[in-house]
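Q: Got a structure for you, questions after.
The values are calculated or read from the model by the stated rules, or taken from the named source; none is laboratory data. Everything numeric here is computed off the predicted structure, so don't read it as measured data. Cβ: placed from backbone, ideal geometry, glycine included. Neighbour counts: every protein chain shown.
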Amino acid sequence: MTNIKDIAKMAGVSVTTVSRVLNNHPYVSEEKKAAVERAIQLSNYQRNINAVHLSKGKTFLIGVVIPFSNHPFFGSLVEGIATEAVENNYKLVLFQTNYKEEREMEALMMLRNKQIDALIICSRVCQWDVMEEYLSYGPIVLCEDAREREVSSTYINHYEVFSKALAYLHTKGHSKIGYCIGRKTGLNSKQREAAYKDFHEKIKEPILPEFIFDNCLYFEDGEKVVNKLRSLHNKPTALLVTSDQVAAGILTCCKEQNIPVPDELAILGFDNQPIAKVMNITTFEIPLVELGKKLFLQSIEHTISHEEIKVKLIERMTV
């Protein structure tokens, strides 16, 4: 394969001059520039981009770890990350893990091997002791409360938001409150679980395991929730649903089965996705695109920082 020395020989110039032409250096005469460009064209020379990145110490690639690419929550996060990446002349390497640890490890190994400059993990599956082994290889940014860790993070205080949601439903006359969640593991889920436990201690009501529904991620999961509710003798009067998609599925199924909302079942969603606006679902608005932008900017900063994203209640017709 033709290399930079061959180009210099063909053009009758120095290797330094060829390097300057390749890197658009201004101090090269038009005559020498034309000779180098002619030699490049004749030899069909292709730059070794990996060597260029190695010489600069940067790839201008940022890894982004998400569990699912077809979920609106993570789609909005990636939109924010990608928007800011374009503004800063970076490209993204997307890792879909399906919450499989080995796939998240592939992303961490790429950071270790200097194939990416930084790694943004939107929803983590690896334990913290595993993550710590890779902190010296480049910036890792988390979408969770990591204030006690040596990584940057942009996060939502899920304990606080869940507590506010439960208190809001309680002021509306509900004490039998269930909730729907994507997965029980993970820091964010543990914060919600703690808020749920503390709320029940405060109102002196027992926690009923049958009021908690996990693996609720998509619209069609709403039907599963309603069918389980119908099988219960003692039913919750309100549901806190951590995804507007699932909340929309529950509401649709309730209408099909003539379950009055909010009279018989109140529904409170999360995210304020377009489907929540269309279906008049009461929800908490999370500025996901803005959150994604902040995650990206943290990935190219040289200091560790933590930023909490505030959410707000959007009252509509389902509570």
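Q: Could you check region 164-190 and list, in sequence order, the residues that are modelled with pLDDT of 95 or more and not in a loop (DSSP other than H, G, I, E, B)?
A: Lys164, Ala165, Leu166, Ala167, Tyr168, Leu169, His170, Thr171, Ile177, Gly178, Tyr179, Cys180
Q: A follow-up question, please. Contact list please: Cβ distance under 7 Å, first residue in region 124-135 and without any contact (Cβ under 8 Å) to a residue 40 or more places away in the chain, second residue in a loop (DSSP other than H, G, I, E, B) and surrounded by 18 or more Cβ atoms within 10 Å (Cβ to Cβ), pairs at least six apart or on different chains.
A: What qualifies is Leu135/Val151.
Q: Still on this model: Check off (1) within 30 Å of Leu108 (Cα to Cα); (2) among the β-branched types (Val, Ile, Thr); (3) at pLDDT 95 or above for Val130 and give me the number that stays unchecked.
A: The single condition Val130 does not satisfy is (3).
For every residue, the table says whether it meets (1) closer than 26 Å to Ile62 by Cβ; (2) assigned to a strand (DSSP E or B); (3) of a type outside the set (S, T, N, Q); (4) under 21 Å from the mean Cα position of the chain (by Cα).
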residue: Lys277; (1), (2), (3), (4): no, no, yes, no
residue: Phe284; (1), (2), (3), (4): no, yes, yes, yes
residue: Glu290; (1), (2), (3), (4): yes, no, yes, yes
residue: Lys293; (1), (2), (3), (4): yes, no, yes, yes
residue: Thr303; (1), (2), (3), (4): yes, no, no, yes
residue: Glu307; (1), (2), (3), (4): yes, yes, yes, yes
residue: Arg316; (1), (2), (3), (4): no, no, yes, no
residue: Val319; (1), (2), (3), (4): no, no, yes, no
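Q: Within the group Leu77, Leu61, Leu92, Leu108, which residue is under 23 Å from Glu285 (Cβ atoms) and among the hydrophobic types (A, V, I, L, M, F, W, C)?
A: Values: Leu61 fails: under 23 Å from Glu285 (Cβ atoms); Leu92 fails: under 23 Å from Glu285 (Cβ atoms); Leu108 fails: under 23 Å from Glu285 (Cβ atoms).
Answer to the check: Leu77.
Q: Another question, if that's okay. Take the residues in region 102-141 that are part of a loop (DSSP other than H, G, I, E, B) and aliphatic (A, V, I, L, M), then tell me which one is farthest from the chain's Cα centre (by Cα). Spell out how you get there, then give the answer.
A: Narrowing region 102-141 to residues part of a loop (DSSP other than H, G, I, E, B): 113-117, 122-127, 133-134, 138-139.
After this cut, where a residue has to be aliphatic (A, V, I, L, M) as well, the list is 116, 125.
Details: Ile116: 17, Val125: 13 Å.
Per the criteria, the residue is Ile116.
Q: In addition: So which residues in region 194-232 are part of a helix (DSSP H, G or I) and among the charged types (D, E, K, R), if there are any at all?
A: Going residue by residue through region 194-232, those that are part of a helix (DSSP H, G or I) are 194-202, 209-211, 221-230.
If the condition is that a residue be part of a helix (DSSP H, G or I) and among the charged types (D, E, K, R), then Lys197, Asp198, Glu201, Lys202, Glu210, Asp221, Glu223, Lys224, Lys228, Arg230 are the ones that fit.
Q: Does region 141-155 hold any residues that are surrounded by fewer than 22 Cβ atoms within 10 Å (Cβ to Cβ) and more than 10 Å from His306 (Cβ to Cβ), and which are they?
A: Correct list: Glu144, Glu150.
Q: Checking Ala118 against (1) under 24 Å from Arg183 (Cβ atoms); (2) buried (at least 20 other Cβ atoms within 10 Å of the Cβ), which single condition isn't satisfied?
A: With respect to (1) under 24 Å from Arg183 (Cβ atoms); (2) buried (at least 20 other Cβ atoms within 10 Å of the Cβ), Ala118 is out only on (1).
Q: Here is a check on your reading of the model: is Lys235 part of a helix (DSSP H, G or I) and in contact with a strand residue (DSSP E or B) (Cβ under 9 Å, 6 or more places away or on another chain)? Even if it seems obvious, please write down each step before you answer.
A: Numbers: part of a helix (DSSP H, G or I): no; in contact with a strand residue (DSSP E or B) (Cβ under 9 Å, 6 or more places away or on another chain): yes.
No.
Q: What do you reckon, is Val161 touching a Phe, Trp or Tyr at 6+ places or on another chain (Cβ under 7 Å), surrounded by 15 or more Cβ atoms within 10 Å (Cβ to Cβ) and in a strand (DSSP E or B)? Let's see the steps before the verdict.
A: Numbers: touching a Phe, Trp or Tyr at 6+ places or on another chain (Cβ under 7 Å): yes; surrounded by 15 or more Cβ atoms within 10 Å (Cβ to Cβ): yes; in a strand (DSSP E or B): no.
No, not satisfied.
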